[in-house]
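Any read-out appearing in this document is the output of simple, stated calculations on the displayed coordinates, not a laboratory observation. Note that the coordinates shown come from a computational prediction; the quantities given were computed from them, not determined experimentally. Methodologically, a virtual Cβ is constructed for each residue, glycine included, from the backbone with ideal geometry; neighbour enumeration extends over all protein chains shown.
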Amino acid sequence: MQAELIDIRNHLIQHAPFDEMPEELVNELTANIEISYVRAGTQITETGQTSTRMYYVRSGAVEIFRRSGELYNRIGEGEIFGQFGLLMRGQVRFPARALEDSLLYRVTAETFHYLFENDENFADFVEIEDRSRLRSAVSRREKSNALMTSRVNRLISRETVSAPTTVRLQEAARIMTDQGVSALLLMDEECGGTCDRERLVGIITDRDLRTRAVTEALPSETPVSDIMTTGLITIRASSYVFEAMLTMLHNNVHHLPVIDGDEVRGVIALADIVRYESQSSLYLVSNIFHQQDVKALKKISKDVRDSFVRMVNEDANSHMIGSAMAGIGRSFTQRLLELGEEKLGPPPVPYCFMALGSMARDEQLVVTDQDNAMILDNSFVPEEHDEYFLALAKFVSDGLAECGYTYCTGDIMATNPKWRQPLKVWRDYFTDWIENPKAVALLNSNIFFDLDGIYGRTEYAEELKALVAQKASSSQLFLTLMARNALNRTPPLGFFRTFVLEEDGKHQKTFNLKRRGTAPLSDLIRIHALACGSQAQNSFERLKSIGKTKLIMEDDLSNLRDALEFISIVRIRHQALALEAGEEPNNNVRPEDLSPFERSHLKDAFQVVSNAQKFLRFRYNSQATRHV
Amino acid sequence: MSDNQSLPDAVNTLPWPEQYQALSESAKAPVLKAFYEAGCVSEDTAISEVPMVALDFETTGLEADAHSIVSIGLVPFTMDAILLNQAKHWIVRPRLPLHQVSVTFHGITHADISDAPDLSEILEDVFASLNGRIVVVHFRHIERPFLNVALQYRLNEGIRFPLIDTMAIEAHLHPNRQPSFFKKLAGEKPTSIRLGDSRKRYGLPHYAAHNALVDAIATAELLQAQIQHHFSPETPVGDLWL
């Protein structure tokens, strides 16, 4: 390449896939470019023509059509087209027409195939269409984190240590000491001769021995079945390590029996995972439960942000980070409730403490306020009991605020009497929202459709989930209005695949990755999930259950998953960078702060959101009420 | 353009293909002989059929008789494509000292040219790209007169050829570049026909670097844009060359 052509090379290397191309190949490419100016309206390639070139848009814009004549894509500065025809060494697959006066860099078939042979990244890039490109962007990130590539069965280092449920406490303790394990699986041997294998029914851990047996001074010949934990949370051997971590975080357990079909393969402990992630957020969680007052909790809440940044730097995916942050928030809430009950005495009637919104969805980040509510037992009598629950709610809410979870500006907190009600009232709330839907009211109650019981009688929350799942799918008007609300926020993508920017508080041109990215996505996923009667709360889990119903095609589902993952991870990285720079994290991003890689894939992702919104409008017959 | 004194005046009025033929017989230097022998398209050839070469010199000043060529950039092209794999760039040693003013403009320094060849050493390479092509420049009063003088000095004979001037095309398109008195009062600026400003009118990108090759490429792109906006691929080359 002539050194004087550096202007041309420098433009190429700002854009994928040339940004990752080895220097000598880019130089070779530059030296072999053909430049061509086309006026707006010029047909650049036509169906049936022989493909001889790939094109790079240096300036201007080009429209790509399907053979049917339908518009397929708009290509702007720094993007390529024409590669598919070359790959098939045949005919033009998508005809192209200049939308604006454009300067095109043409790559001859010879150069194209040379690059294809010599640069794997280039080959991958041109072989896949933009949406699949998004997928490879997502999976390339995920490949680099060991938690996401290693399976649980690799953590099992020894034979299962188990005992019959009939053993006595002393014998159980001896087995655990001899075998050097911190948990003992308990098997039921009485299956009446109908099965040839023992059945796993319970687990007992070191901690159980200390807290349940020793502190309560149980006789050593007490059967272990008296204190074992039943209703086990297990994990499949083929699961990824991060799924085990999420399961531990979500349920606050430190041991997981590993199951392979009907067979118990072993137990993995928190320590096994910590070996994979040296400074695990699981540590923080277990630490939370050791703190004795709000002041101590506040002190360790400073670690939350470090934990967040660390996970980002370790290339965790958004599901992991969102779940870990939600798990941490949930643990703070649970510990505060324990401390509150210690202070105020046991509750006069049973209750369930409920998380709402992002915490319930397991999609929490660092900038978050508290959204919570209380479901009280139906025997609740306000005059007798509410003083207690108000005091408890206030203790938790104030404690959370101390720990960095700011008060909810919309007053969706258990301290608000409206959201501190017996189960039957909650049933009425949800029934009314679904059966007599009003757009404005739904806008405000949207957050209640992401709910999760996190403390006490969590079955109350399950009952509400079941109620919603059962009623929502059959109320067409409810779905229509929910969809209409979900269409109020559109992705920040302009006509030419440019970013539509808004002025933020500091008068900078930005777009909001939450309001215009993750929020519209989780909104529309929620509606499809409600329509198909799913009880899942997490957006990725919701996509899985939608997938079982054929409501959305498999391909579109994967696109949604990839778009959510990519927008979320860009948002997460943006916040982590702010934290590392000592700034207050937010959701406003300037395009120039993104890498060309991020810019290009964000556009793909926003396009997916936009298409999904079109489908939502069509599917539920909704027009947006207003644009914000 | 300078007249070749050894030729009868009649030759100068012939159509270009015939002139080239006559000149190929009278030229003595092999490079010039080969240049004319490669021929010239007839004036009624459609511009889309014409092989062209965009040419740009960086010089020590504006006077062909007083200043020298410092660098040469060229790129062969057609209406369809500008071929970077045939792009060339040379730095040459000027006969006259570099002025500080021109150094700041084209960025070529004394160190660059101390080892550079004299133009005579690269003439064959330069002409290999010019032969059989119509030269395209932006501002016709540099490349043709400077080349003519340089060849007179080194080969003792000058050169004649038609060329297309993208600046002349812009001047033709914008005959009234000075805004009226009232428009001037209203803040309207005169229309600039400089290379960068002309390119802007066609949505062509800004190039940061200034060297002879980038300017040659920029000129080639500009001509492609001008033809598509104001002429047609069928426009005879005779309507465009000067």
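With θ taken as phi - 60° and the coefficients 6.51, -1.76 and 1.60, list the Karplus ³J(HN,Hα) couplings across the stretch B:50-64 in order, rounded to whole Hz; mark glycine and proline as x. Using θ = phi - 60°, the values come out as 8, x, 10, 9, 7, 10, 9, 10, 9, 10, 7, x, 9, 9, 4 Hz. Here each label is just a point 7 Å from Cα along the line to Cβ, and for residue A:615 and residue A:580 those points are 3.5 nm apart. For the residue pairs A:514/A:544; A:465/A:550; A:424/A:471; A:299/A:506; A:438/A:465, the C-alpha atoms sit more than 24 angstrom apart in A:299/A:506. In summary, the aspartates and glutamates within cross-link reach of residue A:548, defined as a Cα separation below 16 angstrom excluding same-chain residues under 8 places away, comprise A:556.
Other residues within the sphere of radius under 13 Å centred on the Cβ of residue A:541, judged by their own Cβ, net out at +2 (K and R +1, D and E -1). Longest exposed-loop-site-free stretch of chain A, with GluC sites (Glu not before Pro), DSSP loop and at most 15 other Cβ within 10 Å? Of all site-free stretches, the longest is A:222-582.
Across the stretch A:251-265, rounded Karplus estimates of 3J(HN,Hα) from the backbone phi angles (6.51 cos²θ - 1.76 cosθ + 1.60, θ = phi - 60°) give 9, 6, 10, 10, 9, 10, x, 9, 10, 10, x, 8, 9, 8, 9 Hz, Gly and Pro being marked x.
Mean separation of Cα pairs under 8 Å and 6 or more residues apart, divided by the residue count, gives the stretch A:3-127 a relative contact order of 33 percent. Summary value for chain B: 26 percent relative contact order, contacts being C-alpha pairs under 8 angstrom separated by 6+ residues. In terms of its C-alpha gyration tensor, the stretch A:473-628 has a prolate overall shape, because the principal axis ratio a/c (a ≥ b ≥ c, square roots of the eigenvalues) is not below 1.5 and a/b outweighs b/c. Taking a ≥ b ≥ c as the square roots of the eigenvalues of the alpha carbon gyration tensor, the stretch A:356-480 is oblate, as a/c is not under 1.5 and a/b does not beat b/c.
A simple rule links phi to the HN-Hα coupling: the Karplus curve 6.51 cos²θ - 1.76 cosθ + 1.60 with θ = phi - 60°, which for the stretch B:139-151 gives 5, 6, 8, 10, 4, 5, x, 5, 5, 4, 5, 4, 6 Hz, with x for Gly and Pro. Shape class of the stretch A:155-268 from the alpha-carbon gyration tensor: oblate, with a/c at 1.5 or above and b/c at least as large as a/b.
A Cβ-based charge dipole, computed about the Cα centre of the stretch A:155-268 with Lys and Arg at +1 and Asp and Glu at -1, lands at about 380 debye. Among the trypsin sites (Lys or Arg not before Pro) within the stretch A:161-246, those in coil by DSSP and having at most 16 neighbouring Cβ atoms inside 10 Å are A:197. Label separation (residue B:93 vs residue A:391): 9.9 nm, computed from points 7 Å beyond Cα along the C-beta direction. Given +1 at the Cβ of Lys and Arg, -1 at the Cβ of Asp and Glu and no other charges, the dipole of chain B around its Cα centre is 840 debye to the nearest 20. Note on the protein assembly as shown: dipole from Cβ charges, positive end direction compared against A:116, B:222, B:136; the farthest Cα belongs to B:222. The angle between the Cα long axis of helix A:476-486 and the longest principal axis of the Cα atoms of chain A comes to about 60 degrees, rounded to the nearest 10. Taking every DSSP helix (H) stretch of at least 4 residues in chain A, weighting each as -39,500 (n - 2.57) and dividing the sum by the residue count yields a mean residue ellipticity at 222 nm of -14500 deg cm²/dmol. Based on Cα contacts under 8 Å between residues 6+ apart, chain A shows a relative contact order of 11 percent. Rounded to the nearest 10 degrees, the angle from helix A:458-472 to the longest Cα principal axis of chain A is 40 degrees.
With K and R counted +1 and D and E -1, the other residues having a Cβ less than 10 Å from that of residue A:463 yield a net charge of +1. The alpha-carbon of residue A:343 sits under 15 angstrom from the alpha-carbons of these aspartates and glutamates, leaving out residues fewer than 8 places away in its chain: A:293, A:387, A:398.
With respect to chain A, whose longest principal axis is taken over its alpha-carbon atoms, helix A:294-313 is tilted by about 30°.
Reachable aspartates and glutamates from residue B:33, Cα under 16 Å, same-chain residues fewer than 8 places away excluded? Result set, ordered by chain and number: B:18, B:25, B:124, B:125, B:157. Using Cβ point charges alone (K and R +1, D and E -1), the dipole size of the stretch A:3-127 about the Cα centre works out to roughly 800 debye.
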